[in-house]
Amino acid sequence: MSQHRFGRRTLLGGAAAAASALTLGACSSGGSSPIRLLAGGGRWEKGGYGWNQIQKYNEQHPDGTVEVVSAGQNFTKLFTQQVSSGSFPDITLGSIDLPTVRERDWVVPIGDLGVDLKPRYPQEMWVDGITTAEGKIYSWGQDDGRGVFLGSNTKFLAEAGAKEPPGSWAELIELSAAVHAKNKDVYGIALPLLNGEAITFIANTLLRDNPGLLTGFDLTEGRYAMDVYFDQAMQVMIDLQKSETTHPNSSQLSFADVDGYFNSSRTAFNLDGTWLCSVAHERDFSDYVVSPPPRREAGQETLQYGSLSGSSFFVFRESKLLDAMGPLVDFLTGEEFVKGQLETNYSITAIPELNRKFAPNEQVKQLLEVQDQVIQPPIPQTDAKAMETRKKESALPAPRQVAADIAAGVLAGKIDDWKGAFKEMNQQYNDRFDAALAEAGCPREKFVFADWDGVSDYALKTSV
């Protein structure tokens, strides 16, 4: 499951050194050249489910085998280096945006390979500028990496006298206090404060009060509204700290650390859901329940934004093996591959029908129920000018203050006027964005979606 659940694409950077170590999959048989699949993420390293599935494919297709080149977390760097040297992979799985590769005429429509993917995926997969262009499908997503989830340890819920997971942040704090009172070594929740992710994740649970804001950018106005986005999240973090039920090591913890604390029963709750994927092969999950994230008020409907696609596959025009690509695409989107993905590390695929068919346990079924509630917002970067604006924005000097630093300062008692700090930060982001608009010659209207109500799935309006 994707860690960056509310992002869409990372832009191609400049040429960089290759990853220090690559994992190579099976070589071709019979002396013929194998199809080279360049893939990011640990699942494609030797022994991962992606790598293992390709070995099965190679056994079934000895005359058209696949070599997996696992780039780990260095996909963008390695891909950029390869194309800069004119050595294109045959097929990729990673963070590449469609406008960039189409502008350079690098990729081919999937339909040209003799495979019709449209019936296999839900309609919202086929978004113009993301997976399709001019009515043709160019890529498809590997995961349904959407939304934030709450994991609850049922043993601790029972000890606290609760029959259901907490529905609000106030309930989570109350139950956490009850758990800690009975088990002094167990805290309610650990927050990933080390790298600053916590405040964004909490803010994303409060969107029902602020519809239209995607990671602090107001898609109905075309400008940042980070002060609104983070104010309520900061108050939740303050309340958690005052309750003394947040694990005291939180300031030193990353996402992986937080997952470990939950899996070792050092915390009763865990915000995200990634823990379910990362340790799926290691333990039984019968003592866990998965539910929507806490809301500001109990009984409030959940509102979350996300994307069906996650990292996407692309097939490259320079490949000398396009004739052999159709069976591979068919395999990567078929039942056997999806089943392996679900059973190996509980990673939800982008094909809901097969997810439901092969869900290996109740916790995965609960994850599917939560993800069914996640909607896809508008994506400005499907427009070329908007994409250029975002690239120029990222190249401009970063704002002096970021939300994670402000949150850390507040929790450490070093910042009192945190609302003022967020307001100042928001102005810095808008100043930088305005400068990028001017440099790109892009009208603000490219980032304004007046036809979106903030609470419905925009992909259904724009899908092909």
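List of remarks:
- Carbon/sulfur fraction of accessible area - segment 148-292, other protein chains in place, 1.4 Å, %: 48
- Applying Stokes-Einstein at 4 °C and 1.567 mPa s to the Kirkwood radius of the chain, computed over alpha-carbon pairs, gives a translational diffusion coefficient of 56 µm² s⁻¹.
- Each peptide in 371-382, 82-93 receives the mean, over its residues, of other Cβ atoms within 10 Å, and ordering these scores from highest gives 371-382, 82-93.
- Expressed as a whole percent, the accessible surface of segment 314-425 that belongs to carbon and sulfur atoms is 48, based on a 1.4 Å probe.
- Considering only Tyr458, Ala421, Gln341, and ranking their Cα positions along the charge dipole of segment 335-464 that arises from unit charges at the beta-carbon of Lys, Arg, Asp and Glu, the one farthest toward the positive end is Ala421.
- Summary value for the chain: 22 percent relative contact order, contacts being C-alpha pairs under 8 angstrom separated by 6+ residues.
- For segment 329-436, the direction-averaged projected area of the alpha-carbon convex hull comes to 11.3 nm².
- Accessible area per residue for the chain, computed on protein heavy atoms with a 1.4 Å probe, is 41 Å².
- Charge dipole of the chain about the Cα centre (unit charges at C-beta), most positive-ward option of Leu37, Asn430, Pro380: Leu37
- CD proxy at 222 nm, helix term only [per DSSP H run n ≥ 4: -39500 (n - 2.57); per residue of the chain; nearest 500]: -11000 deg cm²/dmol
- Cα centre as origin, Lys/Arg/Asp/Glu Cβ charges: the chain dipole, Debye: 600
- In this structure the amide hydrogen of Gly72, modeled in the peptide plane, comes within under 5 Å of the amide hydrogens of Gly41, none closer than 5 places in sequence on its chain.
- Within the accessible area of segment 56-99 (1.4 Å probe), percent carbon and sulfur: 43
- At full extension, Arg104 and Gln60 could sit 12.4 nm farther apart than now, given 0.36 nm per residue minus the alpha carbon distance.
- Helix 75-84 and the longest principal axis of the C-alpha atoms of the chain enclose an angle of approximately 30°.
- Sequence-distant contacts, meaning Cα pairs under 8 Å at least 6 residues apart, place the relative contact order of segment 356-464 at 40 percent.
- Amide H partners (placed H, <5 Å) of Leu150, local residues excluded: Asp272, Ser291
The values are calculated or read from the model by the stated rules, or taken from the named source; none is laboratory data. The structure displayed is predicted, hence computed values, not measured ones. As a convention, Cβ positions derive from the backbone with ideal geometry for all residues, glycine included, and neighbour counts pool all protein chains shown. Accessible surface areas use protein heavy atoms only, side chains included; no ligands, DNA or RNA. Shrake-Rupley method; radii C 1.70, N 1.55, O 1.52, S 1.80 Å.
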